[in-house]
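Working notes, structure below.
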Amino acid sequence: MYLSSIDSMTKKLLTKSTEGLWYIAEMRGNNLDHKMDHLTCFAPGMLALGYHHRVSKDQSVNERHLQAAKDVLETCVQMYIRWPISPEMVRFTPYMTMGTATNFQRPETVESLFVLWQVTKDEKWRKYAWTIFQKFERHLRVPNGYASLNHVADTNSKSDKMESFLLAETFKYLYLLFQDDPAITVDTYVFNTEAHPLPLK
């Protein structure tokens, strides 16, 4: 089921923008909606885990999944680079533009950065994560925690709200990313959807 689902996703939804950014679009009936939510940025981590655990007997399929993971994650990182911090959703019209302007301190991009770092050991994923962490500190930090933004282009538009998953997920993945010899790895633990690590044995 996983392989057939990913095959459909890569054939029907995985899209390259005019400026060379790969994203996972949404299907509305028979038409593609050329948008990508920050929530979709979990997908690179999922694809990288599939590669790492060799879900396909055909290694070339696994390699294609890893490449798709890298390509989409680069776009997720660009969502942080092009604005003070990532918006909730972007559109490709055909260039990447801001869709939904809020920021809710979501974990999906750093989750995928954690997985890609563990799977590839490419130092650039940690460099990206450090850049994102610095943006959290610069734009979301308030005296008693971290605030969401009502509009990422206006870093003064802070709301009086800190999401529980900021600590439970976002910062947990960032912490694990910067451990050179982590006790929790994708070989020994599986993370549930709220980033709780469960030992495989």
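The values are calculated or read from the model by the stated rules, or taken from the named source; none is laboratory data. Predicted, not measured: the structure shown is a model, and the values here were computed from it. Don't worry about glycine lacking a Cβ; one is built from the backbone with ideal geometry, like all the others, and counts go over all protein chains shown. Note: accessible area is taken over every heavy atom of the protein model, side chains too, but ligands, DNA and RNA are not part of it. Shrake-Rupley method; radii C 1.70, N 1.55, O 1.52, S 1.80 Å.
Quick rundown of the values:
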| quantity | calculated |
| --- | --- |
| Whichever residue in the range 167-186 is among the hydrophobic types (A, V, I, L, M, F, W, C) and more than 11 Å from ARG126 (Cα to Cα) and, among such residues, is surrounded by the most Cβ atoms within 10 Å (Cβ to Cβ) | VAL186 |
| MET79, sole failed condition from (1) under 13 Å from the mean Cα position of the chain (by Cα); (2) of a type outside the set (Lys, Arg); (3) open to solvent by 50 Å² or more (accessible area, probe 1.4 Å) | (3) |
| Filter result (in a helix (DSSP H, G or I) and open to solvent by less than 20 Å² (accessible area, probe 1.4 Å)) within the range 54-76 | ASN62, HIS65, LEU66, ALA68, ALA69, VAL72, LEU73, THR75, CYS76 |
| Search result, residues across the range 103-139 that are assigned to a loop (DSSP other than H, G, I, E, B) and open to solvent by 30 Å² or more (accessible area, probe 1.4 Å) | PHE104, ARG106, LYS121, ASP122 |
| The lone exception for LEU49 - which of (1) assigned to a loop (DSSP other than H, G, I, E, B); (2) surrounded by 17 or more Cβ atoms within 10 Å (Cβ to Cβ) it fails | (1) |
